[in-house]
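Please read the structure below before turning to the comments.
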Amino acid sequence: MNIMINSYLRGRERLETVSGKKIVLTASATEMSDFLNNPFIAFSGGFGKGPIPLSYVRKTLYPHRPPLADGQASYVPYGLRKVESILIEGGFSSNDIAVAYPEDLDKFIGPETRVVGISSMDPTGMGYVSKTYSSIVGGGEPMNRIEFRKLVNHPAIKKYKKNLKIIVGGYGSWQLERQHVSQSYGVDCVLMGGRPGPIVELFKKAINGEPLPHIAKADESLDNWNYNQEMPITKNVAIHGAVEISKGCGRNCQFCTPTMQHKIDVPLEKIMKEVALSVAQGSDHITLITEDMFLYGAKDPRFVPNREAVVKLFKTVGDYPGVKSIQAAHMSLAPVYHDPQMVKELAEILIAKSWYSFGKKPIITAETGIETGSPRLMKKYMAGKMLPFQPEQWQDVVTNAFGILNDNDWYPLATLIIGLPDEKEEDMLQTLELMDKLKDYNAFYVPLFFVPLENCVLMKQKGAEMDSLSKARWDFFIKCWEYNIKIWKPTFLENRLPNPLLYNTFDKFIIPYFGKILGAYYGLTRGASGEQFKQAVYQLSMPMPDNGRRVKGKVKAKA
Ligand code: SF4
């Protein structure tokens, strides 16, 4: 007890005596984590935590890497690293800036602090994953929302709030305005966009104690400024060794924000400087940030890939001494169907640098958007997504691309959207038809509710909600998760339970038993849709036969 009191007093004392850095950059506890070195698990920040104590999920799901010797954060989101670099290049001294984990803010915020800059992807849980899974799975507010609120209410920020301004930027900052919470959270300025000049001006105003606009826009179209000239390279390593290779997309999907920006490729020498810096600062893993890895270097207006440029990029990164694994963030499917040879050549590089495995086999993955199986909706909202093909060919593009990818040990993580505006029953049935065609391929499917993101063409449209799940939408949702469980459960269990007896006990008895309990709970607590929930959980928790997964080049024979 004495130890606890002493350490509390030491903490209080530190709060009393620290003079503070002028600028403190931070993000919420979920966004500051590398999720045990797994970018795909980071999705779970959008889930509710249920009855599990916050301290436990912080330790077990989203712990932070140890801080540096001076107490600053070692691995932080890429966007925050860009802001750090923008400020230093914009004339601020690095001695006046600290980048800190939320739990260490009291070491850096003090009477001298003038700005706390917060970066956030999903501050109020309005992102696609949070919106979908916190309403379907339940468990209360998404962890992203809880942790962001904790951050803005941090005792060190509260204590010195009179002297400092809070600026929130990042991809999800718009959510604060949409939810009308920026004032109650004490946020002085919501920053949208990432152009360096306006960001530097904003921080200068805050340092000088000048009033800040409640909303600051630094999101001019990439047509209006020279991205590669103005955007500095990062000065310190980011989570998962993130390095940007391109910005924007240009395919014009109306539900998406990068659609507002045509694509800009970051020059290879700039990319390699960030790769070198990441390796030098301890990351042997490199995550390449892009909306479409296959279009690096492509100039064709119909989005025909530039094989030579893409292969050169991945080979150069892969050959850099100290790079052990490479992960690209996003890819589109049309280039795969258009140029299978490019996929083959890339796979030869990436398998040697793979981060994930399926059973004992190394695999490659990246996130891609299927979105829908309906050619009508493709034509209406995303007619550029399948270029150089036609909207009517979309199902063929998807199935052929999945075949080519699987043949090269490439298992995509695919998102699909439920409830696009004007989605009709026939559209959903076409998506179900596409899912039937995909049943033998290896992939991970993430069905998501449509969310009208800020700055996308459909931003004024209504988002999809839990109560809009028709029978076809519900069947589709369950089908996605049935595929996921069928494909991934054996690998997941084998990695943890190599003993066949234990494996079978879990698969055949323990998981179905908990499925019964959870199903009964949903049945009692989900009102009119309770029975639907109960049956779905029962179904998904039962052992599933391996009825013919695809193996290289062919579909495995049915068991
Ligand atoms: S292809 Fe992807 S990144 Fe590009 S506009 Fe469409 S959804 Fe957005």
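The values are calculated or read from the model by the stated rules, or taken from the named source; none is laboratory data. Just so it is clear, the structure is predicted and the values come from calculations on it, not from any experiment. Every residue, glycine as well, gets a Cβ built from its backbone with ideal geometry; the counts of neighbours run over all protein chains shown. To get the accessible areas, we keep the full protein, side chains included, count just its heavy atoms, and leave off ligands, DNA and RNA. Shrake-Rupley method; radii C 1.70, N 1.55, O 1.52, S 1.80 Å.
Values computed for the structure shown
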{"item": "Hits in the stretch 369-384 (condition: within 12 Å of the ligand (Cβ to nearest atom) and not in a helix (DSSP H, G or I))", "result": "369, 370, 371, 372, 382, 383, 384"}
{"item": "Of the criteria (1) hydroxyl-bearing (Ser, Thr, Tyr); (2) farther than 26 Å from residue 160 by Cβ; (3) modelled with pLDDT of 95 or more, which one residue 44 fails", "result": "(3)"}
{"item": "Considering residues of the stretch 266-283 that are of a type outside the set (S, T, N, Q) and surrounded by 19 or more Cβ atoms within 10 Å (Cβ to Cβ) only, the residue farthest from the ligand (Cβ to nearest atom)", "result": "279"}
{"item": "Qualifying residue in the stretch 58-68 (condition: surrounded by 24 or more Cβ atoms within 10 Å (Cβ to Cβ) and within 30 Å of residue 463 (Cα to Cα))", "result": "no"}
{"item": "The stretch 466-516: number of residues that are outside any helix (DSSP H, G or I) and open to solvent by less than 90 Å² (accessible area, probe 1.4 Å)", "result": "4"}
{"item": "Pairs with Cβ under 7 Å, 6+ apart, first in the stretch 499-527 and over 15 Å from residue 543 (Cβ atoms) and at pLDDT below 90, second open to solvent by 90 Å² or more (accessible area, probe 1.4 Å) and of a type outside the set (S, T, N, Q)", "result": "523/531"}
{"item": "Answer residue from the stretch 228-265, given it is more than 16 Å from the ligand (Cβ to nearest atom) and farther than 15 Å from residue 80 by Cβ and is most open to solvent (accessible area, probe 1.4 Å) among those", "result": "229"}
{"item": "Unique match (being open to solvent by less than 40 Å² (accessible area, probe 1.4 Å), within 16 Å of the ligand (Cβ to nearest atom) and modelled with pLDDT of 95 or more) among 309, 366", "result": "366"}
{"item": "Qualifying residue in the stretch 484-494 (condition: free of Cβ contacts under 8 Å to residues at least 40 places away in the same chain and not assigned by TED's automatic domain parsing to the domain that holds residue 360)", "result": "yes"}
{"item": "Condition check for residue 107: among the basic types (Lys, Arg), open to solvent by 10 Å² or more (accessible area, probe 1.4 Å) and farther than 22 Å from residue 180 by Cβ", "result": "yes"}
{"item": "Residue within the stretch 115-136 that is over 24 Å from the mean Cα position of the chain (by Cα) and surrounded by fewer than 21 Cβ atoms within 10 Å (Cβ to Cβ) present", "result": "no"}
{"item": "Of all residues in the stretch 312-330 being open to solvent by 50 Å² or more (accessible area, probe 1.4 Å) and more than 16 Å from the ligand (Cβ to nearest atom), the one that is nearest to the chain's Cα centre (by Cα)", "result": "324"}
{"item": "Residue in the stretch 309-362 that is nearest to residue 244 (Cα to Cα), counting only those that are part of a loop (DSSP other than H, G, I, E, B) and polar (S, T, N, Q)", "result": "332"}
{"item": "Residue within the stretch 299-306 that is farther than 18 Å from residue 250 by Cβ and surrounded by fewer than 19 Cβ atoms within 10 Å (Cβ to Cβ) present", "result": "no"}
{"item": "Only listed residue being assigned to a loop (DSSP other than H, G, I, E, B) and either crowded, with 23+ Cβ neighbours inside 10 Å or touching a residue at least 12 places away in the same chain (Cβ under 8 Å) (or both), chosen from 429, 405, 387", "result": "387"}
